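Undergrad: Before I ask anything, let me first share the structure, which is written out below as structure tokens.
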Amino acid sequence: MPNIVPAIPHRFKFKEPTLPFAAQDLQVMLSTAPANDQDDHLVQRLREVILHRQLTPLFQPIIDMQRGEIIGYEGLIRGPSDSPLHAPLNLFKVARACGLSVEVEHLCRRITLEKFAELQLPGKLFLNVSPECLVQSGQRHGETLGYIHEVGINPDRVIIELTESHPTYDYDLLREAVRHYRAMGFVIAIDDLGEGFSSLRLWSEIRPEYVKIDMHFVQGINQDPIKLQFVRSIQEIAEKSGTIVIAEGIETDAELLMIRDLGVACGQGYKIARPHANPETRLTGDLFAQLRRNGVSIYPTDTRLSHEVLTAGKLLRHVKEVSPNTPNNRIYEMFKNDPGLQIIPVVANGIPVGLITRANLIDRFARPYLRELHGKKSCTLFMDANPLIADRSTPLHALSQLIVDGDRHHLFNGFIITDNGQYVGMGNAHDLMREITQMQINAARYANPLTMLPGNVPIDEHIDRLLESQAPFCVCYIDLDHFKPYNDVYGYRKGDDMIRLTGKILSAHSDPQRDFVGHIGGDDFIVLFQSEDWEQRCLSIIDAFAEIVPPFYGEEHRRMGGYVSEDRRGRRVFHELATISLGLLKVKPGIYGSHHQIAAAAADAKKQAKKIPGNSLFIERRLAPSVPEVMPDDARTSSSA
């Protein structure tokens, strides 16, 4: 019996972080026991599992993020709980080493289908299948359909979920297998998009109805602008290709709401429900309420500032060109000798005239007699005569628009880069997406360099998102009083310290998952509250600021409650210690149409707050955007009727 190697991938996924007899325990067992004993024991145990069907299916719900409904379940598998084969990772390692991986995978499918039918679970069943099992010889292709008919499930309720655990190079065979399964009524999904070896290529080859975004890009998305942009980009591609996106690994409230706000159709993860042998068929009331809650999530910000204009030259890769006279046989040999070569540009006298793709040429030569008929003919016979061509000075945003507006194949074929019309190299969509992602993050997330809080661009963007959501929220415009003379007397370094500390106070008294804190500039800040207890938070901000201000002054100035200094006209003027003014605007749906109107109304509320002596909160309670009247109250809080 061959030694069991640790590199064999699992098929039916295991998503709990810990289990008894995990992979490392199996490794210890294999490294310490005598070779024959360890092999015989595990092989015998595996045979018992197969013979006695000692596998337990679990089901994890997949939900519609917008409607808050369960659309189906992913079927997961477990071995015997008292066995080192409990975890699917170990189960399939042993099965593959014994040459039984196909038998075990079919048994897993059958048991999962039987239990799904027995429990009468609603919606669809996402059934994990390895690509290598999918492309096995046709003699077993009908078994899954047979299981389904036996248990009484319609094939259109079963999603074949491809788990890519090692490189899949035979795309022709895989496409044929997928066509075969679709002809039987099955729907196809790709698992762990972004984690696999060539998942974007797999997406373009088989055009699945569903794609699952790997949990790496979902977990912590509320804190990582790169992950946010990745998911947003995948969602945009999916919308154009008619694919349904499922976000895996949702574990927190913030991740749940971020995925919902990005428009991702479906979600899965511990926050929704853990895998269970008898899962719920409806969401909990709390989870349903969360998904239906008005408001928007807080996008993560990138504090890096960039004004660099990037062009297509940034994407330039040198790819050896061929002349139009090159025979097709030569092109075939070039592809055969270099497995990584996907595209060959055709260039005549320095001018690009077309592209030849590996898939197109090899697909044609695989047909009977085509190579004999056309092998010696010019490569222009099978080239794309209308490739996408961009000068190296083309801005990346303009290049991205060319790809979006052009034929879909440009996304996968790439584009030719020229310099004054002369061929210089190639670019591809993967590199373009990476650079566009970074540009969008830098361009759309300007941060104030003093506090590193979001600046005017993200502030306006967040207000527009709130308005679009039709959710009520509050805009709190914050300004420091008597700050200019403080800067003049104590210096800009001390003034900067006060501004930075003010930013920290605002952040500390805001809910990071619901409230947006921004720095407009100078000593002006803004908080966009979605928290229902916004008034108490404002009062806490005032208390915290009043506590931190005295140490910024000398002892004599604290005792006097201020200081005397010259104003701009040279007159001696008494200035009080710095105070904070908060002007608050309550925004309800349908009253304001843009962030410009919000900014004007909030500025009016701030002006009214500054008319009140001392630390103050002014609340504009009228609905129509107009200049509020000052209604005297105590020295701390005032509001208009």
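Undergrad: Within straight cross-link reach of residue 320, meaning Cα distance under 29 Å, which lysines are found once same-chain residues fewer than 8 apart are removed?
TA: Straight-line reach from residue 320, under 29 Å: 336, 376, 377.
Undergrad: Here is a follow-up. Taking amide H positions as placed in the peptide plane 1.01 Å from N, state which residues far from residue 72 in sequence (5 or more) or on other chains have amide H under 5 Å from it.
TA: 62, 124
Undergrad: From the residues 159, 542, 517, which one has its Cα farthest along the dipole of the chain in the positive direction, the dipole being from +1 and -1 charges on Cβ of Lys/Arg and Asp/Glu about the Cα centre?
TA: In the chain, that residue is 159.
Undergrad: Please report, in debye to the nearest 20, how large the charge dipole of the chain is about its Cα centre when each Lys and Arg carries +1 at its beta carbon and each Asp and Glu carries -1 there.
TA: 920
Undergrad: A further question follows. Tell me the net charge near residue 334. Cut-off is 12 Å between Cβ atoms, residue 334 excluded, with +1 for each Lys or Arg and -1 for each Asp or Glu.
TA: +1
Undergrad: Compare 412, 59, 217 by solvent-accessible area with a 1.4 Å probe and give them largest first, with all protein chains kept in place.
TA: Descending accessible area places them as 412, 217, 59.
Undergrad: Right, another one. Sorted by packing (mean other beta-carbon atoms within 10 Å per residue), highest first, where do 602-615, 45-58, 387-400 land?
TA: 602-615, 387-400, 45-58
Undergrad: Ok, one more. When the Karplus curve 6.51 cos²θ - 1.76 cosθ + 1.60 is applied with θ = phi - 60°, which whole-Hz ³J(HN,Hα) does each residue of the stretch 505-522 get, with x for Gly and Pro?
TA: Karplus-based 3J(HN,Hα) across the stretch 505-522 equals 5, 4, 5, 5, 9, 10, 7, x, 8, 10, 10, 9, 10, x, 10, 5, x, x Hz.
Undergrad: Quick one: net charge of residue 124's neighbours, Cβ under 10 Å, K/R +1, D/E -1?
TA: -1
Undergrad: Treating cross-link reach as a plain straight distance, find the lysines whose alpha-carbon is under 22 Å from the alpha-carbon of residue 586, omitting any fewer than eight places away in the same chain.
TA: Filter leaves 606, 607, 610, 611.
Undergrad: Would you work out which of 349, 619, 411 lies farthest towards the positive end of the dipole of the chain? Charges go on Cβ: Lys and Arg +1, Asp and Glu -1.
TA: Checked the options; the winner is 349.
Undergrad: Here's a follow-up. Looking at the stretch 219-357, send over the antiparallel percent of its DSSP beta bridges, to the nearest 5.
TA: That works out to approximately 65 percent antiparallel.
Undergrad: Next question. Return one whole number: the accessible area per residue of the chain in Å², for a 1.4 Å probe.
TA: That works out to 46 Å² for each residue.
Undergrad: Amide H neighbours of residue 481 under 5 Å, counting only residues 5+ apart in sequence or on other chains, H built in-plane at 1.01 Å?
TA: Amide H neighbours of residue 481: 579, 580, 581.
Undergrad: Around residue 388, with a cut-off of 11 angstrom between Cβ atoms, what is the net charge of the other residues, counting Lys and Arg +1 and Asp and Glu -1?
TA: Counting the neighbours of residue 388, the net charge comes to -3.
Undergrad: Taking a ≥ b ≥ c as the square roots of the eigenvalues of the Cα gyration tensor of the stretch 174-301, is the shape rounded (a/c under 1.5), prolate (a/b larger than b/c) or oblate?
TA: It is oblate, given that a/c is not under 1.5 and a/b is not larger than b/c.
Undergrad: Here is a further query. (1) 14; (2) 40; (3) 27: which one is percent of Cα pairs over 45 Å apart as calculated from this entry?
TA: (2)
Undergrad: Compute the helix-to-body angle for 171-183: its Cα long axis versus the longest principal axis of the chain, expressed 0 to 90° and rounded to tens.
TA: Taking Cα atoms only, the helix is inclined about 90 degrees.
Undergrad: Where the centroid of each part is defined by its Cα atoms, how far is the stretch 252-289 from the stretch 472-525 in Å?
TA: 37
Undergrad: By average Cβ neighbour count within 10 Å, what is the ranking of 364-372, 415-423 from highest down?
TA: Highest mean packing first, the order is 415-423, 364-372.
Undergrad: Go ahead and estimate [θ] at 222 nm for the chain from helices alone: -39,500 (n - 2.57) per DSSP H run with n ≥ 4, summed, over the residue count, rounded to 500.
TA: -12000 deg cm²/dmol
The values are calculated or read from the model by the stated rules, or taken from the named source; none is laboratory data. Everything numeric here is computed off the predicted structure, so don't read it as measured data. With ideal geometry, Cβ positions are generated from the backbone for all residues, glycine too; neighbour counts draw on all protein chains shown. In case anyone asks, the SASA skips ligands and DNA or RNA and just uses the protein heavy atoms, side chains included. Shrake-Rupley method; radii C 1.70, N 1.55, O 1.52, S 1.80 Å.
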